[in-house]
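S.K.: Input: one structure, supplied below.
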There are 2 protein chains.
Amino acid sequence: MDKMALCEANNVPLTPITFLKRASECYPNRTSIIYGQTRFTWRQTYERCCRLATSLLTLNISKNDVVSVVAPNIPAMYEMHFAVPMAGGVLNPINTRLDAKSMAAILSHAQPKFLFLDRIFESLAQEIHHLLAIEDTHLNMLVIFIDETDFSKKISPNELDYEGLIRSGEPTSSMVTRMFSIQNEQDPISLNYTSGTTADPKGVVVSHRGAYLSCLSAIMGWEIGTGPVYLWTLPMFHCNGWTLTWSMAARGGTNVCMRQVTALEIYKNIELHGVTHMCCVPTVFNILLQGNPLDFSHRSGPVQVLTGGSSPPAALVKKVEGLGFKVMQVYGLTEATGAALFCEWQDEWNRLPENQQMKLKARQGVGILTLADFDVKDTETQESVPRDGKTMGEIVIKGSCIMKGYLKNPKATFEAFKNGWLNTGDIGVVHPDGHVEIKDRSKDIIISGGENISSVEIENVLYKHQKVLEAAVVAMPHLMWGETPCAFIVLEKGETNHGDREAKVVIRERDLIEYCRENLPRFMCPRKVVFVEELPKNGNGKILKPKLRDIAKGFVVNDEDNIGSKVVQRRVDCFTSRL
Amino acid sequence: MDKMALCEANNVPLTPITFLKRASECYPNRTSIIYGQTRFTWRQTYERCCRLATSLLTLNISKNDVVSVVAPNIPAMYEMHFAVPMAGGVLNPINTRLDAKSMAAILSHAQPKFLFLDRIFESLAQEIHHLLAIEDTHLNMLVIFIDETDFSKKISPNELDYEGLIRSGEPTSSMVTRMFSIQNEQDPISLNYTSGTTADPKGVVVSHRGAYLSCLSAIMGWEIGTGPVYLWTLPMFHCNGWTLTWSMAARGGTNVCMRQVTALEIYKNIELHGVTHMCCVPTVFNILLQGNPLDFSHRSGPVQVLTGGSSPPAALVKKVEGLGFKVMQVYGLTEATGAALFCEWQDEWNRLPENQQMKLKARQGVGILTLADFDVKDTETQESVPRDGKTMGEIVIKGSCIMKGYLKNPKATFEAFKNGWLNTGDIGVVHPDGHVEIKDRSKDIIISGGENISSVEIENVLYKHQKVLEAAVVAMPHLMWGETPCAFIVLEKGETNHGDREAKVVIRERDLIEYCRENLPRFMCPRKVVFVEELPKNGNGKILKPKLRDIAKGFVVNDEDNIGSKVVQRRVDCFTSRL
């Protein structure tokens, strides 16, 4: 029975590309994309993706060639999630918040054959080009700009532009066959960098199989029915929009695209298009609270909001739900191809007092359906922790939806998969009802506006400063961004900044911050620098960061950011690679 | 990137067994099974399944050994869907309506190592044993009876019984490891016979991968949220209850089990346990209409009913919905491991007049999400038919959720998979909105009470009668069962039953029906026999069954069955292998 030969009728590789073809057949006339005045149906989106894929084939894309893209949540970004893998390529969506240096580092590591850029990044492209030239990176990369669908800014007729590729693409039947002939579902579909820094870039390789299964879990975990209207508040470059890019095709949903995440834009789009679903980090809740609440008189239900990245305070959830949103929490990470835990609502919770409901809602929940297993383990003994809601352990997961590994980084891959699980590095407890609650984010990560900032990366830069002896960076609270980096610095001998006797100030806080800004993306720079004589350490000489975090908790940010009416209209890039 | 080595953390075979372990962890205290006074939680169901699997391992079950079961929708039947594959076995649920001869033929073909029987089938077991002995089938099969959980009828202390196996099973950690170590997701999990007849039995082999994907499609297609309360009106032996056996574990649902499908039992269970979902063939709608409608004063919504097997008339759907049910149609077949098309509701349909809504609801719908592709093709040219709602073609499907093939029947397997698709044999049209509507069931199948009856099988029996020259069996209408077989017979020369001159009646209608009853399960026997001088044929000598069907359409059944109040309390085995 196990020896029965399989054939093309019953053994088809799993890939989310099939969702697009199915959408074009099952929901041909439903609206696939809304973007300002632009409207596409699923049949049109399918055709545009086929055309783009054809053009990439004509431009000699080869199997597993990387195609990088730097763009906000515009239709092109959505289409590339299908067209690139249809042409056999691997999509590499790059965090638009990164600076040229970080982007250059990613490109240099990923070695893309094509780089698509939204036209607003034209000067950034020149900077990147310059950086890559200096570093003598042998990167033979074709740069293609994306203009608004109805307004090309092509400089010369020979320049390749996105809409031009769509126009010139003319799928032949042999091309279409090639487009859908994924031979192996373990082939890569996407390459997502977890942090855009120069040292040790971690490019998460996602397979077709993994993406497919993650999509199904997202649909089931969030209970997305057929035909949702999805507002793109979450950047697609973050873990492929938590796989909701592909999932929307699976559900024949409508993608409401936006360039700017502001309260005005969010509320306008919800009202205009009857948005049913959106994803965001809790930081966006503050934006929503400062905007005009929804008029629910003509709406049939609340807007479903999936939130992750950090645990929203119960009081904040309550306030946002009061506006007409229904919040569900998800926990995930790029390495898990999106969600890993969903806070599935239990019917019996409806009978609990509201405050208790909010507390339950703030937990991370249960393992998604397409995980093979999940557990919380004692990091020393590797034993499962008791389900008592108290004993902490590391969250570990396994399953076919998990990444293939880090590109060209076998060491990091090995570490991630130690003991036969993906070790998330996040610390949690299991409650008696099986729900997991994260008690501490992985020790070193700072989550600022939903973005993961590795303290180690900042420390590496600080350590390079000639006057710095030791550096330890931890999170400090920030009213707007949740957390922001705070650096504890021990200066080289004789370079002390404090004490009474040696009054000569050799380096000031703002100098070190300025130094960081020259060497790091702005959002990663410490907002506070504390000079100390020595750092607290354990017996093995390891810096005791929890002690520093305790100190940093007492600090108040004193910089140009504040929560005021001005903030509401500001662009908020507040998303995370750790969902 | 495609060469990255996979490991146990990111490459885990897909199997619905994982749903059970997950349910025990994510929904440990939720009720898994309700059966009369019996209640289990998901933790208990998991433990019972582990124990049963352990006992099977102790009884030396080997990988891919077949375990047959003849039982109604009782907890044991549910548990075996997990315990048998956990022990490495292949579940073979047998249609309880079959007679001893048909069951013996299946057992002889499937060669199970274990046969589990509900105690009510004790005399049937003896008959089967006798038949297998006569035929000298070398079947070394251990028979195990299933009693009610709290009431053993064991004859001797040495006799193995189901609850005894559960009691004696004591999973060791090495056994548990073995239980969850599915090495290959293409391994078989279930063996489902499409018709229980003696000639050419077709045993559909379902893989772990196929079952897994089908479950996910059932959950998404029917939009089953977390924690449904599912009433087992559909037999689990039919295509593993359209895969809802495993799917209920995936959703942490409650399985309400019943031995008897009567209006009384259905309504009682819905009221008592707050049933949210049930599946049935349209025949059950008649049962529902004759029972006491639901009291909806304390219910939050309608009972979701998934129906398939044959297309319910719009008027019938309307009536049933009036009782408090919400009907969704599904089209599937055992070969597709359950559903293939779901009639997904479109939001815009809510604005249409009710009659039009009912017509849309009576269509079979769009391909399920885990199909790789589906199409309706001209059977001659193999071209897709135009999407005009008029042009008919054969429904064909492909994808990893489709069966591996027919056991020991390469010819039938080859035929089924011709042209790289699973050829369903069902004829339909595609509407402009992408929804498929079946216009004609595959030509020869008679669907009686939801059961597929192959006319060829009946004809084979009739042809064996010494006085029969030619036989053609087609469907005739039946008030209760939808269709029932009608036989057209040409007698051997000189054996004519009609005409004026030769008045000697050599064989009567009731004799031939009686003959069929001796050789076929009762439900397969013709209710009417028509003696004719010759059968209508085409140029190639092929019998023109459409012509016969036209004649049979005019007949009225005249037998002991009628729709009366008596029927309501009758056991209804009205389900189908073609969903």
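The values are calculated or read from the model by the stated rules, or taken from the named source; none is laboratory data. Here the structure is a predicted model, which is why all the values come from computation and not from measurement. No Cβ is skipped: glycine too gets one built from the backbone with ideal geometry, and neighbour counts run over all protein chains shown. Surface areas here come from the heavy atoms of the whole protein model, side chains and all, with no ligands, DNA or RNA. Shrake-Rupley method; radii C 1.70, N 1.55, O 1.52, S 1.80 Å.
S.K.: Taking 8 Å as the Cα distance limit and 6 or more residues as the minimum spacing, I'd like the relative contact order of chain B as a percentage. Could you put the intermediate results ahead of the total?
M.R.: On the way: 1206 pairs, mean separation 73.9, N = 579.
Result for chain B is 13 percent.
S.K.: In debye to the nearest 20, how big a dipole does the protein assembly as shown give about its Cα centre with +1 on each Lys and Arg Cβ and -1 on each Asp and Glu Cβ?
M.R.: Working: 124 positive and 130 negative charges, 149 e Å.
Approximately 720 debye in magnitude.
S.K.: Now for a separate question. Run the reach check for B:K404 against aspartates and glutamates, Cα to Cα strictly under 14 Å, same-chain hits fewer than 8 apart removed. What comes back?
M.R.: Leaving aside aspartates and glutamates fewer than 8 places away in the same chain, those within reach of B:K404 are A:D2, A:E8, B:E185, B:D187, B:E335, B:E415.
S.K.: Also, quick follow-up: Just tell me which lysines come within less than 16 Å, Cα to Cα, of A:K408; anything on the same chain fewer than 8 places away is out.
M.R.: Here the lysines satisfying the reach criterion relative to A:K408 are A:K202, B:K3.
S.K.: What accessible surface, in Å², does a 1.4 Å probe find on B:R527, ignoring ligands, DNA and RNA and rounding to the nearest 10?
M.R.: Result for B:R527: roughly 60 Å² accessible.
S.K.: May I pose another question? Lys and Arg at +1, Asp and Glu at -1: add these up for the other residues within a Cβ distance under 15 Å of B:E148 and post the number. Each step should come with its number before you reach the end.
M.R.: Numbers: positive: B:R39, B:R48, B:R119, B:K153, B:K154, B:R167, B:R259; negative: B:E79, B:D118, B:E122, B:D147, B:D150, B:D161, B:E163.
Result for the local shell: 0.
S.K.: Within 10 Å of each Cβ of A:481-491, how many other protein chain Cβ atoms are there on average? Intermediate results must be reported in sequence, preceding the final value.
M.R.: Working: counts 0, 0, 0, 0, 0, 0, 0, 0, 0, 0, 0.
Mean shielding by partner chains, rounded to a whole number: 0.
S.K.: DSSP beta bridges in region A:17-273, what fraction antiparallel, as a percent rounded to 5?
M.R.: Numbers: 11 of 31 bridges.
So the antiparallel bridges in region A:17-273 amount to around 35 percent.
S.K.: Just to make sure I understand: if all protein chains stay in place, what is the order of A:D150, A:D426 by accessible area at 1.4 Å, largest first? Present the calculation step by step, with values, prior to reporting the outcome.
M.R.: Numbers: A:D150 130, A:D426 0 Å².
Ranking A:D150, A:D426 by accessible area, largest first, yields A:D150, A:D426.
S.K.: For the charge dipole of chain B, defined by +1 on Lys and Arg C-beta atoms and -1 on Asp and Glu C-beta atoms about the Cα centroid, which residue among B:I445, B:T334, B:C257 has the Cα displaced farthest towards the positive pole?
M.R.: So the residue we want is B:C257.
S.K.: Cα to Cα, under 16 Å, and not fewer than 8 places away if on the same chain: which aspartates and glutamates meet these conditions relative to A:K545?
M.R.: A:D426, A:D440, A:D444, A:E457, A:E459, A:E470, A:E483, A:E533, A:E534
S.K.: Rounded to the nearest 20 Debye, what is the dipole magnitude of chain B about its Cα centre when Lys and Arg each give +1 and Asp and Glu each give -1 at the C-beta? Kindly include the intermediate steps, with their values, before the conclusion.
M.R.: Working: 62 positive and 65 negative charges, 104 e Å.
Charge dipole of chain B: 500 debye, to the nearest 20.
S.K.: Using alpha-carbon positions, what is the distance between the centroids of region B:503-535 and region A:384-463, in Å?
M.R.: Comparing the Cα centres of region B:503-535 and region A:384-463, I get a distance of 72 Å.
S.K.: While we're here: Quickly work out the B:N64-to-B:N29 label distance, labels modelled 7 Å from Cα along the C-beta direction, and quote it in nm with one decimal.
M.R.: Taking the two extended label points, one gets 4.5 nm.
S.K.: Hey, what's the per residue convex hull volume over the C-alpha atoms of region A:389-447, in cubic angstrom?
M.R.: With only Cα atoms used, region A:389-447 gives 114 Å³ per residue.
S.K.: While we're here: Rounded to the nearest whole Å², what accessible area per residue is found for chain A with the 1.4 Å probe? Don't skip to the answer; put the middle values down first.
M.R.: Working: 22360 Å² over 579 residues.
About 39 Å² of surface per residue is accessible.
S.K.: How big is the A/B interface in buried accessible area, both sides summed, 1.4 Å probe, to the nearest 100 Å²?
M.R.: On the way: alone 25240 and 25270 Å², together 44770 Å².
In total, chains A and B hide about 5700 Å² from solvent.
S.K.: Hey, which of these cross-link pairs are over 30 Å Cα-Cα: B:K153/B:K268; B:K101/B:K154; B:K467/B:K547; B:K113/B:K528; A:K359/A:K411? If you can, show how the numbers build up before the last one.
M.R.: Details: B:K153/B:K268 28 Å; B:K101/B:K154 26 Å; B:K467/B:K547 24 Å; B:K113/B:K528 40 Å; A:K359/A:K411 39 Å.
Pairs exceeding 30 Å: B:K113/B:K528; A:K359/A:K411.
S.K.: Would you calculate the separation in nanometres between label points at B:K359 and A:A5, each defined as 7 Å from the Cα along the Cα-to-beta-carbon direction?
M.R.: 4.7 nm
S.K.: Between A:L462, B:P188, B:W232, whose Cα lies farthest towards the positive end of the dipole of the protein assembly as shown when Lys and Arg beta carbons carry +1 and Asp and Glu beta carbons carry -1, centred on the Cα centre?
M.R.: Of the options given, the answer is B:W232.
S.K.: For region A:6-46, calculate the relative contact order in percent as a whole number, restricting contacts to Cα pairs under 8 Å that are 6 or more residues apart. Kindly include the intermediate steps, with their values, before the conclusion.
M.R.: On the way: 35 pairs, mean separation 14.0, N = 41.
Across region A:6-46, relative contact order equals 34 percent.
S.K.: Then there is this: Using a simple charge model, +1 on the beta-carbon of Lys and Arg, -1 on the beta-carbon of Asp and Glu, nothing else, what dipole does region A:385-493 show about its Cα centre, in debye to the nearest 20? Working shown, then result.
M.R.: Values: 13 positive and 14 negative charges, 81 e Å.
Dipole of region A:385-493, to the nearest 20 debye: 380 debye.
S.K.: Further, regarding this structure: If you count, for every residue in A:345-353, the Cβ atoms of partner chains within 10 Å of its Cβ, what is the mean?
M.R.: Numbers: counts 3, 5, 9, 3, 0, 0, 0, 0, 0.
The shielding value for this peptide is 2.
S.K.: With each pseudo-label sitting 7 Å past Cα toward Cβ, what's the A:D550-A:Q466 distance in nm, one decimal?
M.R.: If labels sit at A:D550 and A:Q466, their model points lie 3.8 nm apart.
S.K.: At a probe size of 1.4 Å, how large is the accessible area of A:C49, to the nearest 10 Å²?
M.R.: 0 Å²
S.K.: Only residues of region A:38-71 count here: report those whose backbone N is under 20 Å from the spot 7 Å along Cα→Cβ of A:S156, or say none.
M.R.: A:59
S.K.: How far, in nm, would the chain grow between B:K268 and B:A133 when pulled straight, counting 0.36 nm per residue and subtracting the alpha carbon separation? Don't skip to the answer; put the middle values down first.
M.R.: Working: separation 135, 0.36 × 135 = 48.60 nm, distance 4.36 nm.
Stretched out fully, the B:K268 to B:A133 stretch lengthens by 44.2 nm.
S.K.: Mind ordering B:100-107, B:6-13 by average Cβ neighbours within 10 Å, highest first?
M.R.: Details: B:100-107: 22.8, B:6-13: 20.2.
Descending mean neighbour count gives B:100-107, B:6-13.
S.K.: Additional query: Hey, what did region A:311-440 get for relative contact order, percent, Cα under 8 Å, at least 6 apart? Intermediate values should be presented prior to the final figure.
M.R.: Numbers: 232 pairs, mean separation 29.6, N = 130.
About 23 percent, as a whole number.
S.K.: If every alpha-carbon in the protein assembly as shown counts as one equal scatterer, what log10 I(q)/I(0) does Debye give at q = 0.04, 0.05, 0.07 1/Å?
M.R.: For the requested q values the scattering log ratios are -0.24, -0.37, -0.70.
S.K.: Given A:A9, A:L548, A:V143, which one lies farthest toward the positive end of the charge dipole of chain A, if we put +1 on the Cβ of every Lys and Arg and -1 on the Cβ of every Asp and Glu?
M.R.: Toward the positive end, the furthest listed residue is A:A9.
S.K.: In vacuo Debye scattering of chain A, one point per C-alpha: log10 I(q)/I(0) at q = 0.10, 0.12 Å⁻¹?
M.R.: -0.87, -1.26
S.K.: If packing is taken as the average count of other Cβ atoms within 10 Å, what order do A:385-392, B:352-359 fall into, highest mean first? Write down the numbers at each step before the final one.
M.R.: Values: A:385-392: 14.6, B:352-359: 13.0.
Top of the packing list down: A:385-392, B:352-359.
S.K.: Further question: Sorted by mean Cβ packing within 10 Å, highest first, what order do the peptides A:371-383, A:222-234 take? It would help to have the intermediate numbers written out before the result.
M.R.: Working: A:371-383: 16.9, A:222-234: 22.7.
Result, highest mean first: A:222-234, A:371-383.
S.K.: If you restrict to DSSP beta bridges whose two residues both lie in region B:303-435, what percentage is antiparallel, to the nearest 5? Numbers along the way, then the final one.
M.R.: On the way: 16 of 21 bridges.
In region B:303-435, DSSP labels about 75 percent of beta bridges as antiparallel.
S.K.: How many partner chain Cβ atoms sit within 10 Å of a residue's Cβ in peptide A:250-259, on average, as a whole number?
M.R.: Values: counts 3, 3, 4, 0, 0, 0, 0, 0, 0, 0.
So the per-residue partner count for this stretch is 1.
S.K.: Further question: Give me the percent of DSSP beta bridges within chain A that run antiparallel, rounded to the nearest 5. The partial results should precede the final answer.
M.R.: Numbers: 50 of 85 bridges.
The answer is about 60 percent antiparallel.
S.K.: Let me ask another. Provide the solvent-accessible area of A:R167, counting protein heavy atoms only and rolling a 1.4 Å probe, rounded to the nearest 10 Å².
M.R.: 150 Å²
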